[in-house]
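Encoded as structure tokens, the structure appears first; notes follow it.
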Amino acid sequence: MGEVSMEVKIGLEIHLQLKTNSKMFCRCKNDYQVQDDPNTNICPVCLGYPGTLPVTNRRAVEYAIRLARVLHSEINPNPVFYRKNYFYPDLPKGYQITQYNEAAIAQGGYLPLDFKNRDRKVRIRRLSLEEDTARSIQTDEGEVLLDFNRAGIPLIEIVTEPDMHTVEDVRKFLENLRMVVQLMDISDADMEKGQFRVDINVSVGGGERVEIKNVNSIRDVVEALKYEINRQKEEVRKGNVIKQHTRRWDDYEKRTIPMRRKETEDDYRYFPEPDIPVLSIAPLMDEVESGDLDDPFALFDAMAAKVSPEREGYENYLNNLEILMRDRDREAIRFFRDAIEDEEVDPMVASKWMINQVRNMDALPPLDQFKKLMVMVQREKLPAHKVKDFLKRIIEGAILEELLKDLESGPSDEELEIIVRAVIAEHPDEFERLKGGKKGLIGFFIGRVKKQNPQADPGKVRTIIEKIVEE
Ligand SMILES: [Zn+2]
């Protein structure tokens, strides 16, 4: 008997709520943060009253165009909206306005999996614009409550090809997509608030695909997939055939559970939405400008190119750039990008201070002050503890030039004692010997302190060391 193939293929369908002011086809407020009382942002259009007319939200179309560009997708200049017909309590119209196959707003494209290895990518099949359905909430008493604030919130649906083969691929893809849309600022992509919803399609050993729904965090996606891949492999080993069906992730029991059989597409009776004309978005495509942070991979490359790959520490520099991008702090990324635009600033030095210090501080320092400080670090004019101190103080509003004047007049007694104690802590053996009577070692410690702060007065340092020896 030959070895049974156990190749795992995973594709994803992501629904992304867009951060527009109003809904997809009406002027109701888009409360994507779920802050308002239920059923307060509603009107005859999003409640599906007969005779109402949907009007397409221009901003949502712009966001889709920008995202399609980042994903290298081909934008369709004449996208069509369709009706997807089905009955469900969260859909009083009896149909959802969505897009369908080649008529969707964009086709094809890809998203890289890694910053540093750009060969690994997941192909995108399609990007569609559609409206969200109402939110249904099950009470403990078994009643179903409906909140129509969510009905009509603009969604982008992203369907990938089944190009992911491991749980790790999936985790990377989702983190990258979330990073992209958050840096673009077109969605907060908060999974717990339902702004970034993931359905997983997974097949093992050439079997039919199984869909997993109701997964509410990237961590749950990982757990659900691990469980489902093992389950399917077990079935294949037993010689069972896996049929296409839908399961849901039970976060409490930590397993996937079968749901209804998946409707086939014919069940939905798609047909073009007669109330919305075919869009002509070619003029809009010319008009819409991409945001400066729309493509984090391109920005990463541009920043990486500022340092020669031959230079020692280049790998660390790339790691620092990746940390910066993955933090998804738009202001911090812009700050660093602008800092290294200055040719006087060494990107490698600046990246170390950015990641090790500035990143952990409450606010960003003024850009010009940061750049001046970095130039001083490059000239090795300042010991590390002083740079840290200065960063903190320029954030608080101090002026670097003033701090430098104080520095020239030498450290205060308190500052000096801190330095001395730090040096002693780094050299415990020498200090024990000094305490034991090897007085000559005092010169060793004075030298170390002077290295940390050239302005330190040797007489004062000696007094402090003698005091500590007596303690
Ligand atoms: Zn409305």
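The values are calculated or read from the model by the stated rules, or taken from the named source; none is laboratory data. No experiment lies behind these values; they were computed from the predicted model shown. Note: ideal-geometry Cβ built from the backbone for every residue, glycine included; neighbour counts use all protein chains shown.
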From ILE105, ILE97, which residue is surrounded by 20 or more Cβ atoms within 10 Å (Cβ to Cβ), more than 16 Å from the ligand (Cβ to nearest atom) and touching a residue at least 12 places away in the same chain (Cβ under 8 Å)?
ILE105
Report every pair of residues separated by at least 6 positions or lying on different chains whose Cβ atoms are under 6 Å apart, first residue within the stretch 142-169 and not assigned by TED's automatic domain parsing to the domain that holds HIS15, second within 15 Å of the ligand (Cβ to nearest atom) and not acidic (Asp, Glu).
none
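Taking strands (runs of 3 or more DSSP E) that fall entirely within the stretch 143-212, which contain at least 1 residues that are away from the ligand (no atom under 16 Å from the Cβ) and in contact with a Phe, Trp or Tyr (Cβ under 8 Å, 6 or more places away or on another chain)?
154-160
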Selection from the stretch 128-138 of residues that are within 12 Å of the ligand (Cβ to nearest atom) and either surrounded by fewer than 21 Cβ atoms within 10 Å (Cβ to Cβ) or in a strand (DSSP E or B) (or both):
GLU131
Just one of (1) touching a residue at least 24 places away in the same chain (Cβ under 8 Å); (2) over 30 Å from GLU228 (Cβ atoms) trips up VAL34, so point out which.
(2)
Scanning the stretch 139-166 for residues that are surrounded by fewer than 18 Cβ atoms within 10 Å (Cβ to Cβ) and of a type in the set (Val, Ile, Thr), the one nearest to ARG123 (Cα to Cα) turns out to be VAL159
Which number in (1) crowded, with 17+ Cβ neighbours inside 10 Å; (2) of a type outside the set (D, E, K, R); (3) over 30 Å from ASP327 (Cα atoms) marks the one condition that VAL122 misses?
(3)
Looking at the stretch 382-417 only, could you name the residues that are within 41 Å of the chain's Cα centre (by Cα) and exposed (fewer than 14 other Cβ atoms within 10 Å of the Cβ)?
ALA384, GLU396, GLY397, ILE399, GLU401, GLU402
Find the residue count for the stretch 111-157, including only residues that are of a type in the set (D, E, K, R), at pLDDT 95 or above and in contact with a strand residue (DSSP E or B) (Cβ under 6 Å, 6 or more places away or on another chain).
10
Scan the stretch 13-38 residue by residue and report those that are more than 11 Å from the ligand (Cβ to nearest atom) and either of a type in the set (Val, Ile, Thr) or farther than 22 Å from LEU183 by Cα (or both).
ILE14, THR20, VAL34, GLN35, ASP36, ASP37, PRO38
Taking the stretch 91-113 and keeping residues of a type in the set (A, V, I, L, M) and farther than 21 Å from THR133 by Cβ leaves ALA106, LEU111, LEU113
Restricting to the stretch 51-67, and then to whatever is surrounded by fewer than 22 Cβ atoms within 10 Å (Cβ to Cβ) and within 15 Å of the ligand (Cβ to nearest atom), can you tell me which residue is farthest from THR133 (Cα to Cα)?
GLY51
Checking ASN76 against (1) more than 16 Å from the ligand (Cβ to nearest atom); (2) over 25 Å from ALA106 (Cβ atoms); (3) not hydroxyl-bearing (Ser, Thr, Tyr): exactly one of these is not met. Which one?
(2)
Is at least one residue of the stretch 1-16 of a type in the set (S, T, N, Q) and at pLDDT 95 or above?
no
Output the residue which, of all residues in the stretch 248-267 that are of a type in the set (Asp, Glu) and out of contact with any strand residue (DSSP E or B) (no Cβ under 6 Å at 6 or more places or on another chain), is modelled with the highest pLDDT.
GLU253
State all residues of the stretch 189-212 that are more than 14 Å from VAL8 (Cα to Cα) and surrounded by fewer than 17 Cβ atoms within 10 Å (Cβ to Cβ); if no residue qualifies, say none.
ASP190, GLU192, LYS193, GLY194
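Being buried (at least 16 other Cβ atoms within 10 Å of the Cβ) and either touching a residue at least 24 places away in the same chain (Cβ under 8 Å) or not charged (D, E, K, R) (or both) narrows it down to one of TYR252, TYR227, so name that one.
TYR227
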Within the set of pairs 6 or more residues apart or between chains, which connect a residue that is touching a residue at least 24 places away in the same chain (Cβ under 8 Å) inside the stretch 179-192 to a residue that is hydroxyl-bearing (Ser, Thr, Tyr) with Cβ atoms less than 6 Å apart?
VAL181/SER187; ILE186/TYR63; MET191/SER217
Evaluate the following for VAL80: is it surrounded by 15 or more Cβ atoms within 10 Å (Cβ to Cβ), of a type in the set (A, V, I, L, M), assigned to a loop (DSSP other than H, G, I, E, B) and assigned by TED's automatic domain parsing to the domain that holds LEU279?
yes
